[in-house]
Every structure is written in C-alpha cells, then in structure tokens.
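The values are calculated or read from the model by the stated rules, or taken from the named source; none is laboratory data. Just so it is clear, the model here is predicted, and its values are computed rather than measured. Cβ sites come from the backbone with ideal geometry, for glycine too, and all protein chains shown count toward neighbours. Keep in mind that these areas ignore ligands, DNA and RNA; they rest on the heavy atoms of the full protein, side chains included. Shrake-Rupley method; radii C 1.70, N 1.55, O 1.52, S 1.80 Å.
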Amino acid sequence: MSYICLIGNEYGIVASSDSRETMGEGKYFDNRQKVFCDKKQGLIWACCGITKHLGKDYLRLVEFIMRDSKTTFDQKLDYLEKSICKVTLEAVETLGRKSAMDILVGKVDKRTMMIRMNFAMGNMDRKVFFSPLALEGGCGKFLCPKMKLSEYKGLLVPDLKKYAHNRVESVIYKDRELSANCPTRENSIGGRVLCECIKR
C-alpha cells in the first residue's frame, strides 16, 4: 500500500511519498505520482492504496475532484467519500479481498487545515487537524518511529521538504530491509521519493 506523509507548520505544508505501484504477484512499477498540489486553491494532497480497479484509475479521479475549481472544499471531500467508499466496497465484492485507500489533504487558509481520510471496504474514517502536525498513510506508517514535532515545527518550507524527503527515504529503506529478511513479505514501498509543497 506504499507510504505517504503530509507535514505542516506555520510556513506551509509538504506532501511526500514513494513512487511504487504494486501490481500483484511480485510485479510493480516505480513511477507512480501520489502527491499533488493546486496552489491557486491552496490545496495539497497525497493518496495511496487501491489505485486502479476494473480499468479505472482512482488516483486520477482524486486529482480530478481536487482540481475542480467549481466545487467548494467541503464538496470535494464529500465527492471523495462517495467515490472511494464505492470502489473499496466494489473491490471486496469482485476480488474477494480487502481494499483500502488513504488520502491526506492540506488546505492553506487563515489556519492550515490537515485532513486524514482512511477508506476500507466501503467505509471511511475522516479526521480534521490543524498544523503544526505530521500525518502518515499507507502500510509504511508503521515502519519508523513517529515524527517529533520539535523536528519540523520551525522549519522553513525548503527545509521541511528535505525533512519529508528523508522520512520517505527511511521508510523505503526499512521496507526493503524487512522484505529482504522475509521472502514471503511483499516489498510494496520503493522507487523514487516524490515531494510537493505549498507555502502559507
């Protein structure tokens, strides 16, 4: 399910991820974009999990919903909830296995809002936070110790970007190490580190 993170403080927000798209049966591609930014709307987001189902690309659907300048922020979140709940339920019914997606959203406004949306088998858990904060998604969020507020609270955006980059690199390395020591474990985190940022 890969790894994504969203880190915000008083200077802005950075979204970062790996680039691996797991296809099953040990196959994967390492060129998947999972972090996005729309500076005109003050939005930044990252997503991972079920990427494609029955020929439809759900990361592109998320991007389409988020970039639609004719919808309000609340409408975008509602559309995401309906669309992704539907596909995670359909995937269970057609594939007979658990399906999930994590979406992390940041919105730069008077206060920097950060939202975590966890989808699994037709259900969603949505939580709203305000920066400074670090949110994580995907299976990689369990591989390294939690990020400490003191490490990123005062970082300017260029340094915050480096911090996020290093975090993803650490998770990729840890996942590779664990997979090398356990042949039955799928190495689902890998490829390049991708980053997007938005300033306040």
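A few points about this structure:
- Per the Kirkwood formula applied to alpha carbons, segment 1-112 shows a radius of gyration over Rh ratio, Rg over Rh, of 0.98.
- Convex hull of segment 64-182 built on C-alpha atoms - directionally averaged projected area, nm²: 9.5
- Annotation: extensible slack from residue 61 through residue 178 equals 38.9 nm (criterion: 0.36 nm per residue apart, minus Cα-Cα distance).
- The phi-based Karplus calculation (6.51 cos²θ - 1.76 cosθ + 1.60; θ = phi - 60°) puts the 3J(HN,Hα) values of segment 80-93 at 4, 4, 5, 5, 7, 4, 4, 6, 5, 6, 4, 5, 5, 5 Hz, whole numbers, x for Gly and Pro.
- Gyration tensor (alpha-carbon) shape descriptor, the chain, a/c threshold 1.5: oblate
- Solvent-accessible area of segment 158-200 (1.4 angstrom probe, protein heavy atoms only): carbon and sulfur portion equals 49 percent.
- Within the shell of other residues whose beta carbon sits under 12 angstrom from the beta carbon of residue 169, the net charge comes to +3, with Lys and Arg scored +1 and Asp and Glu -1.
- Available extension along the chain between residue 27 and residue 75 is 13.7 nm, counting 0.36 nm per residue and deducting the alpha carbon span.
- Highest mobility in the GNM of the chain, judged by mean-square fluctuation with C-alpha springs under 10 Å and restricted to 183, 132, 158, is found for 183.
- Accessible area per residue, Å², the chain with all protein chains present, probe 1.4 Å: 52
- From most to least packed by mean Cβ count within 10 Å, the peptides 108-114, 78-84, 6-12 give 6-12, 78-84, 108-114.
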